[in-house]
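Written out below as structure tokens is the structure these notes cover.
The values are calculated or read from the model by the stated rules, or taken from the named source; none is laboratory data. Since we're looking at a predicted model, the values are computed, not measured. Glycine also receives a Cβ, built like all others from the backbone with ideal geometry; neighbour counts cover every protein chain displayed. Please note that ligands, DNA and RNA were not included when accessible areas were found on the heavy atoms of the full protein model with its side chains. Shrake-Rupley method; radii C 1.70, N 1.55, O 1.52, S 1.80 Å.
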Amino acid sequence: MSTDHYFTAQPASDDERRTRIVHLAGRALEVEVASGVFSPGGVDKGTAVLLNEAPAPPPSGNLLDLGCGWGPITIRLALEAPHATVWAIDVNERALDLVRRNAERLGLGNVRAVLPDDVPDGLEFDTCWSNPPIRVGKPALHELLTRWLPRLADDAEAWLVVQKNLGSDSLARWITDTLGLPVERETTSNGFRVLRVTR
């Protein structure tokens with residue numbers, strides 16, 4: 001039995017690639033998914049809630065998908081903001097390969113799928129959309145958010161989706177108390193909270 005997690009840098013499980021039809025930005029799209037990556041069957045429930053509730057992204061600038069998996073958020077952002085650069089960040093190298101392949105398959109030349117350390121220092125983001133990896137545990141999750149949320153540009157917003165019973169409300173309080181960033185609970189749907197973080 002594999003002990004891989006979707007936040008493993010190099011998954012040991014077989015790299016079994018499959019194609020799926022998913023609906024993103026009002027279109028039916030064929031994408032490539034694989035084991036060893038978060039939500040290998042398609043768009044997971046939490047991400048679907050986020051994509052349904054988040055507003056249109058900024059039309060230009062640098063947009064961040066934090067913990068991109070195979071890329072549903074990245075694809076949505078890239079389709080809706082073709083003049084923006086979408087940074088897809090993950091520690092899972094298989095996930096990054098899938099994002100690159102899916103972007104190429106869909107003709108999305110504005111996607112940069114990179115490891116966290118490959119993002120240029122000082123780059124600020126005009127929005128961040130994320131279904132953050134809650135199951136990495138609080139210390140790792142807090143470290144992740146401490147690194148990236150303060151890189152929002154002035155007046156920019158981050159949109160996070162977190163399962164209600166996995167600590168969405170305590171995470172919202174932590175972001176405000178520790179990072180000094182206001183958080184609003186925008187909606188609750190299918191057991192998930194959508195949080196809006198403002199800079």
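How about region 42-139: which trypsin sites (Lys or Arg not before Pro) there lie in a loop by DSSP and see at most 13 other Cβ atoms within 10 Å?
Here no trypsin sites (Lys or Arg not before Pro) fit, given the DSSP loop and packing criteria.
Report relative contact order for the chain in percent, whole number only (criteria: Cα-Cα under 8 Å, sequence separation at least 6).
Relative contact order for the chain comes out at 18 percent.
Taking Cα pairs under 8 Å and at least six residues apart, what relative contact order does region 105-199 come out at, in percent?
26 percent
Could you provide, to the nearest whole Å², the per residue accessible area of the chain with probe 1.4 Å?
47 Å²
Return the carbon/sulfur percentage of the accessible area of region 76-199, one whole number, probe 1.4 Å, all protein chains in place.
43 percent
Please state the relative contact order of region 61-113 as a whole percent: Cα pairs under 8 Å, 6+ residues apart?
Relative contact order for region 61-113 comes out at 41 percent.
Region 106-134 to region 156-199: how many Å between their Cα centroids?
Value for the Cα centre distance between the two parts: 20 Å.
Between rounded, prolate and oblate, where does region 72-160 land on the alpha carbon gyration tensor, with a ≥ b ≥ c its root eigenvalues, rounded for a/c under 1.5, else prolate if a/b exceeds b/c?
Oblate is the answer for region 72-160, as a/c is 1.5 or above yet b/c matches or exceeds a/b.
Please check the chain for the longest run free of GluC sites (Glu not before Pro) that are loop-located per DSSP (anything but H, G, I, E, B) and have at most 15 other Cβ atoms within 10 Å.
Segment 17-123 is the longest.
Measure out, as a whole number of angstrom, how far apart the alpha-carbon centroids of region 32-47 and region 58-91 sit.
When both Cα centres are located, 16 Å separates them.
Magnitude of the Cβ-charge dipole of the chain, K/R +1 and D/E -1, about the Cα centre, nearest 20 debye?
500 debye
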